[in-house]
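The values are calculated or read from the model by the stated rules, or taken from the named source; none is laboratory data. As the structure is a computational prediction, the values presented were derived from the model and not from experiment. Cβ placement follows ideal geometry from the backbone for every residue including glycine, while neighbour counts extend to all protein chains displayed. With ligands, DNA and RNA removed, areas are computed over all heavy atoms of the protein, side chains included. Shrake-Rupley method; radii C 1.70, N 1.55, O 1.52, S 1.80 Å.
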Amino acid sequence: MNTAADTQPTTQAALVIRKLFKAYVAGQPVLKGIDLTFGGTGLTAIIGASGTGKSTLLRCINRLVEPTSGEILLEGEDIVRLGGEQLRAARRRIGMVFQEYNLVERLTVMENLLTGRLGTIGPLDAWLRRFPPADIEHAFALLDTVGLANFANQRADSLSGGQRQRVGIARALMQEPRLLLADEPTSSLDPKTSVEIMELLREQGRANNIPVIVNMHDVELARRFADRVIGMRNGEVAFDGAATALDDGMLRSIYGGEGWLQ
Amino acid sequence: MPEARPEARQWRRFGAGEQLVRFAVYLLLVATVVAAGRSVEIIPEFLYDAPEQMQDLLVRMWPVDFAHYPKGVHAGLMETLQIATLGTLLALVLAVPFGLLAARNLTPLPPVNFFARLVLVASRSVNSLVWALLFVAVFGPGALAGMLAIAFRSIGFLGKLIGEAIEETAKGPVEALTAAGAGTGALIWYAYWPQIRPAFWSIVLLRWDINVRESAVLGLVGAGGIGMALDTALNLFQWERVAMVLVAIFVVVIIAELAVTQVRKRIL
């Protein structure tokens, strides 16, 4: 699918992935020729069993994992070919939220948010914690948005899981990203908090008019919050369509077996 | 169905090969101790009258010559503390870069890691006293040689432990800040440093504590400090003064220990 979009100039699509291969061990590819196009908005859920390459796919997009071959075009620019300063500039445009939050535990909430701006300031300013006043204002505004207004000076390790993930999302938004990635953002959270986090991700995607791509295990959450669902199996795209088109037959083909379906 | 019962499954902690290796290691250990005991050549006559000799020494040391402290010990003691403190600070400045280069996660270049480790091992493989002899030969006797000896011995200690602390950091925050486009400097300061901070100060204080004790003996080879006073008293058989020096060192070590414990409590 998306062959028409692939051949067109990519001015419209926020992200185009072409023939993406990744093999950690030569000859054993984890991703086997992924072709995907993401428009300017909307929340996409990527589902699939553990070990099918969801996380690798997401990490290839911001080059936390080096793709073996293929193209990843962020607003028309091939990220795979970038290096050094240009790669950092591209990474600034991609926000990322992690399963284990990945906050710097011993820093305060405000400092954690400001780390989202480290790509934009020089090393000396970073060293002296000299952030532009606009960044600090932006950080306070985001803390209001995620409901942590009074937590600016608390250490990150004093927060609960849900609060930490809100800080994680706020940190990603500090980058003013053109694309938001989330790698199983709710897998360590309780069901209620999971819903709140998904709501926040969807809202922020809409508010900032950017696409959001979320890896997730919870099929029900995916159905509820995603505009589009991508099902992965054995390093390939097994399903790609509207969340409403995801029926039990599709789930069987994505996850295999059926005893787990009720 | 007793006849259909499968053979009782056995579980062993070690396989046959592992057991053989373990036996060989134990054997080697015993052989080493026996061989070492032979080569030390303990002379029984000296061993038998050791208690007497010890008693004699202690009697000669009493009473401790406290009057000697202001004129003969105090200046040396202060110099010892200065040698230990400046030596630790100098070592720190030199050790941090090597620690950063030795950490395999921060510097993923095996030849660089190897080079950094080589430098750190070289520093540690030479005892403070030997460093002191070297620097006394180069700079002449005095506190400068002592400070450099302390510093050069400490580089290996601080660099190795700082490098290991860096290697033990969680990679999550590093990944997150990399994803945000942070450069190497920003990564060190925001992702690594907050994680190693308690270990770092703990390591530095421990080394300072060790250096206070080590610099107390550097005077024996002419590298300044209270060891000079000890050397003089020993050479002149002034045992009451030797006792005074030992008491002074003991008190300083106790005070250092108390101070380090207090400071460490605050920073962790």
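A compact table of results
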| item | result |
| --- | --- |
| Residue in the stretch A:191-210 that is on the phi > 0 side of the Ramachandran plot and within 14 Å of another protein chain (Cβ to nearest Cβ) present | no |
| Leading residue by the ranking (farthest from B:Ala216 (Cα to Cα)) among those in the stretch B:25-80 that are of a type in the set (Asp, Glu) and at pLDDT 85 or above | B:Asp49 |
| Qualifying positions in the stretch B:137-159 - aromatic (Phe, Trp, Tyr) and more than 26 Å from B:Ala116 (Cβ to Cβ) | B:Phe139 |
| Odd one out for B:Tyr69 among (1) free of Cβ contacts under 8 Å to residues at least 40 places away in the same chain; (2) in a helix (DSSP H, G or I) | (1) |
| Which listed residue is in contact with an Asp or Glu (Cβ under 7 Å, 6 or more places away or on another chain), in contact (Cβ under 8 Å) with a residue 12 or more places away in the chain and in a helix (DSSP H, G or I), from B:Arg241, B:Arg207 | B:Arg241 |
| Flag for B:Phe115 being surrounded by 21 or more Cβ atoms within 10 Å (Cβ to Cβ), among the hydrophobic types (A, V, I, L, M, F, W, C) and farther than 30 Å from A:Leu114 by Cα | no |
| Flag if A:Leu128 is touching a helix residue (DSSP H, G or I) at 6+ places or on another chain (Cβ under 9 Å) and either open to solvent by 50 Å² or more (accessible area, probe 1.4 Å) or among the hydrophobic types (A, V, I, L, M, F, W, C) (or both) | no |
| Helices (runs of 4 or more DSSP H) completely within the stretch A:63-142 that count 3 or more residues being within 12 Å of chain B (Cβ to nearest Cβ) and free of Cβ contacts under 8 Å to residues at least 12 places away in the same chain | A:84-92, A:123-127 |
| Count - residues of the stretch B:74-112 that are farther than 30 Å from B:Pro141 by Cα and open to solvent by less than 60 Å² (accessible area, probe 1.4 Å) | 7 |
| Within the stretch B:134-197, helices (runs of 4 or more DSSP H) holding 2 or more residues that are at the interface with chain A (Cβ under 8 Å from one of its Cβ atoms) and either more than 22 Å from A:Phe98 (Cβ to Cβ) or touching a Gly at 6+ places or on another chain (Cβ under 9 Å) (or both) | B:172-179, B:184-187 |
| Residues that are open to solvent by less than 70 Å² (accessible area, probe 1.4 Å), without any contact (Cβ under 8 Å) to a residue 40 or more places away in the chain and assigned to a helix (DSSP H, G or I), drawn from the stretch B:41-57 | B:Pro44, B:Ala50, B:Asp56 |
| Test: residue in the stretch A:168-176 that is outside any helix (DSSP H, G or I), within 16 Å of the chain's Cα centre (by Cα) and under 21 Å from A:Val109 (Cα atoms) | yes |
| Condition met for B:Arg38 (surrounded by fewer than 10 Cβ atoms within 10 Å (Cβ to Cβ) and either of a type in the set (Gly, Ala, Ser) or over 32 Å from the mean Cα position of the chain (by Cα) (or both)) | no |
| Members of the stretch A:242-262 found to be within 21 Å of A:Thr37 (Cα to Cα) and hydrophobic (A, V, I, L, M, F, W, C), listed by number | A:Ala242, A:Ala243, A:Ala245, A:Leu246, A:Met250, A:Ile254 |
| Test: A:Asn153 is under 23 Å from A:Ile94 (Cβ atoms), open to solvent by 60 Å² or more (accessible area, probe 1.4 Å) and part of a loop (DSSP other than H, G, I, E, B) | no |
| Scope the stretch A:195-217; condition acidic (Asp, Glu) and over 16 Å from the mean Cα position of the chain (by Cα); matching residues | A:Glu196 |
